Every structure is written in C-alpha cells, then in structure tokens.
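Beneath this line is the structure, given in structure tokens, with notes to follow.
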Amino acid sequence: MPAAGQPPQFASRPRPLPGALARLPAAAAPLLSALLSALLSALLLLCCVAPLSAQPATAARNRLFRAAAAAPEGLSVSDRLQAPAVGITMGTVPGPIPVTVRLALDGGAKAWAWEGWRWVGLAAGDGAPPSGRWAMDSRELHRPVHAAISFGHSAPGQGGGYGPYAVLEDGTELEGLVPMSAVTDEELRLPAAFGLDAPPPGAAMVTPDAAHAAWEAPGGPGGAWRAAMDAMYPPGCQFAPAACRVVLDRRRARVFALFPGLGAYVPVMWGDRHGNRVTFRWERAPGGLPGKPLELYRLTVATWRTKDGGGLADNGRGVEVRWAVHPDGGQAPLDLARVDFVGVNAPSALVRGLPGVAPLPPAALGRALPGAPLETLRPAPGGPVLRPTEVTLSGALAGAGWNRLCNGARLQRGRIADRPRRADNVH
C-alpha cells in the first residue's frame with residue numbers, strides 16, 4: 001500500500017505484441033483488403049439473387065411443351081397466358097399403391113416460332129475441304145387444345161428435344177437430368193431397395209434436385225420385374241414393348257416401356273419398397289374400315305400386394321380404360337373413351353367429344369411467320385388424346401360395343417386375337 005499522501009504506484013508490465021493483422025508485412029495489406037472486399041461483394045450479390053432463384057423453375061419454361069397432366073384439380077385460369085385448365089378426378093383405386101384416374105384438359109391453344117440462320121453443308125469432292133453456306137431458316141409450331149388421361153409418360157430421346165424427359169402420374173415434370181457420374185462418385189444404391197437391378201455403369205441420371213433418378217434399360221428392368229413383364233407380354237404378343245426406362249424416387253419405382261403407335265414410353269409397372277406392385281397391360285387392335293375408328297386401345301390396371309409367405313396376391317381392384325382413335329379434324333361428337341373400375345365402388349365414365357386434335361390453330365391466334373411451314377405438335381401423353389365436350393359419370397353406362405373392335409378383332413385377356421366379327425355395334 002502506498003504511504004498516506006503518496007500517489008498509487010502501478011507495477012510495470014511488458015507491452016503486448018501487436019495483433020496478427022499488424023504483424024503482416026506491408027505488401028500483404030492491400031491483398032487482404034481486396035479479399036475482404038471481394039467477399040463482401042459476393043455476399044451482397046447472393047442476397048440480391050436469392051429472391052430470383054427462389055422462383056419456381058417452371059416460370060421460365062416454354063408452356064408450349066407443358067404436359068396437360070399437370071392441370072390442377074377443378075377449373076383454373078393461368079395469370080400470364082389466361083389459358084383455362086380443367087382437372088377431373090374420375091376415381092381412385094385404393095391399395096398399397098393407390099392409382100388415380102384423371103382427365104386433364106389444357107384449354108389454351110399455343111404457338112411457338114423461331115427464325116434464324118443455319119449452316120447447310122454442300123457435297124464436296126474427294127480431298128476437297130468441307131463447304132457450305134448459311135441459309136435462313138424458320139419454324140412455327142402449334143399445339144392444339146386437348147385433354148388426356150395419362151398415368152405418366154416419357155418422351156423418346158431427351159424430352160424429344162423440347163419437352164420434359166418424363167411426366168409422372170401426378171403431373172411432376174422431370175427435366176434437366178444430368179449424368180450421376182458428373183455430380184458424385186458414389187453408385188446408385190436405391191434400385192436394390194425395390195428389387196431392381198443396378199443400372200449399367202454411367203447410365204444413371206439424376207434431376208437437379210436429386211429427388212429422382214432415371215436410366216435406360218433396353219433389355220428390361222431385370223429380376224422379378226422382368227419376369228412379371230414377360231407374363232404380361234409373352235413371346236409373340238402383337239403389342240410388345242420395344243425398350244424400357246426406369247424412373248424412381250425414394251417412395252416408388254416406375255418402369256416405362258416404348259410401344260409402337262403410342263409415340264411415348266408408358267408405364268408398365270410400379271413398385272414400392274415393400275414389394276407391392278401395380279401393373280399396366282396395354283392392348284391394341286388396328287382398324288381402318290370406312291366410318292370406323294383407326295385403332296382401339298385397352299389399358300388394364302391391376303394392383304397387387306405382398307403375401308406373408310412371399311410372392312404377390314391380386315387385390316381384385318383395378319381400372320380399365322378403353323379409347324378409340326379417329327382421324328383428326330372431325331366435327332361430329334363421338335364416344336371417345338370409357339373408364340370402368342373393377343372391385344371399386346366408383347362410377348364408370350364415358351367421354352364424348354370431337355375426335356383427334358384440331359389440325360389448324362384458331363383464327364384469333366394468328367401467325368407469327370406467315371412464310372414458314374406450320375407444324376402441329378401432336379401431344380403424346382401415353383393415353384387417349386381428346387377434345388371432350390361431355391363427360392358422363394354413371395353406375396350403369398350402356399355401350400357393350402366397346403368390347404368388340406372395329407375390324408372384328410376382339411380384345412381378350414392376355415392377347416389380341418383376330419377373329420371375323422361383326423362391327424355393327426362399334427361407335
């Protein structure tokens with residue numbers, strides 16, 4: 001303690017060393033300042049871009065190639081295009097994997113035009129360098145108003161060059177798929193949970209959000225799935241799949257098959273992790289008689305559950321969809337499609353309307369490039385394409401003639417057998 005009247009004495013302590021920033025060489029200070037400025041600029045840029053990236057990805061898509069299956073339930077009108085869309089649920093097949101039957105209508109006729117230059121190569125002699133010229137090119141597409149009953153589909157190629165790679169049963173559109181090997185070195189292990197064979201090396205693709213995976217399976221899905229497909233389409237079947245694709249997420253696996261005449265990959269089987277299945281059997285009969293449909297189709301959907309001792313048991317529930325294909329441009333209403341549920345307390349549905357699609361756009365739509373050829377983009381949803389004017393729901397619909405085909409062939413369980421039959425009761 002200091003003596004009375006004396007100022008307090010403080011102990012002498014060493015001066016602390018300068019901080020890390022102060023100990024840096026003078027030449028490093030500008031570099032550090034530039035780095036901090038760059039980080040701050042990047043943070044500000046992310047704050048500005050975040051609200052834009054939060055917008056749905058579909059906002060910038062060309063609506064010309066949007067699937068009608070994405071139509072919401074009920075009647076709605078889009079804000080930007082003022083195009084009406086109608087979704088009507090005809091019924092649902094209950095089960096471990098429920099199956100919903102919907103009629104979706106996109107009521108807006110849309111057009112898309114492109115004009116630019118393209119390189120036209122010219123034939124050159126041996127040893128001559130390649131030659132060619134630039135030529136003006138133009139293209140205009142028209143997608144007509146149409147409705148569809150679809151359980152999902154996948155377009156040949158990568159979305160046919162325009163649309164999404166696949167549209168699922170709930171209208172989810174898968175696009176922008178990239179090879180899985182480009183984003184990770186890990187292998188895709190999810191197929192084993194569904195009893196599927198692993199995709200070939202480098203074949204798996206994933207969506208940008210990594211929620212869905214897909215790959216090409218030319219020889220079929222393999223395993224028990226392949227055996228079930230062979231049972232539905234035995235050797236010699238007139239309507240057999242030509243190639244397959246597999247699309248899966250964490251809840252459901254889907255096998256799509258390409259059938260001649262449908263113009264798209266359509267579902268042939270769904271499955272979950274518990275071994276439950278939904279099968280889709282497609283049948284077709286050609287026509288061509290005057291005044292009769294060009295073709296008749298039947299789709300039989302059946303649900304299966306896993307038995308306690310292994311194997312599958314038929315739930316006894318399903319749905320049958322039948323439709324007729326007529327020449328485009330007809331103006332007389334016809335019976336176009338019919339839906340009948342099996343083992344489900346739901347009414348049958350009969351869809352009447354104009355056959356096919358309208359080959360020309362409405363006069364009010366106008367032409368963007370009058371000199372360019374107009375191409376009609378015919379939808380291929382893997383099911384009936386309709387212009388409905390009337391939908392009847394009833395527990396007792398007439399129309400037994402739908403069991404008899406236009407050329408006398410009769411749809412039978414397991415195959416299409418050609419037999420000489422009368423066609424008087426075909427609408």
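Bear in mind that the values in this text are calculations on the coordinates, not laboratory data. Keep in mind the model is a prediction, meaning the values are calculated, not measured. Counting neighbours? That spans all protein chains shown, and the Cβs are built from the backbone with ideal geometry, glycine included.
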- Which net charge results for the neighbourhood of Met180, defined as the other residues with beta-carbon distances under 11 angstrom from its beta-carbon, given Lys and Arg at +1 and Asp and Glu at -1? -3
- Note on the structure: Placing each pseudo-label 7 Å from Cα in the direction of the beta carbon, Leu122 and Ala198 end up separated by a distance in nanometres of 5.4 nm
- Message: Quick check of the Kirkwood formula: for segment 244-359, what is the inverse mean of 1/r over all pairs of different Cα atoms, in Å?
- Response: 16.3 Å
- Task: For Trp134 paired with Thr389, estimate the spin-label separation in nm (one decimal), with each label point 7 Å from Cα along the Cα-to-Cβ line.
- Result: 5.1 nm
- Would you calculate the separation in nanometres between label points at Ala113 and Leu35, each defined as 7 Å from the Cα along the Cα-to-beta-carbon direction? 5.6 nm
- Note on the structure: Put in order of increasing Cβ neighbours within 10 Å, starting from the fewest, Val255, Val99 give Val99, Val255
- What order do you get for Cys244, Cys237 when you list them from fewest to most C-beta neighbours inside 10 Å? Cys237, Cys244
- For peptides 266-274, 178-186, 206-214, 380-388, sequence by mean Cβ density within 10 Å, most packed first: 380-388, 266-274, 206-214, 178-186
- Item | Positive dipole terminus of segment 241-370, leading residue within Gly311, Gly287, Pro370 (C-beta point charges) | Gly311
- Roughly how big is segment 212-293's charge dipole about its Cα centre, with Cβ charges of +1 (Lys, Arg) and -1 (Asp, Glu), in debye to the nearest 20? 240 debye
- Which of the listed residues, Ala324, Ala253, Phe239, is farthest toward the dipole's positive end in segment 233-328, when Lys, Arg count +1 and Asp, Glu count -1 at the beta-carbon? Ala253
- Item | Sum of side-chain charges, Leu262 neighbourhood, beta-carbon under 15 Å (Lys, Arg +1; Asp, Glu -1) | +4
- Calculate, in nm to one decimal, what Val77 and Asp230 gain on full extension: separation in residues at 0.36 nm each, minus their alpha carbon distance. 50.7 nm
- Message: Suppose a student asked you for the relative contact order of segment 227-379, using Cα pairs under 8 Å spaced at least 6 residues apart; what percent would you report?
- Response: 12 percent
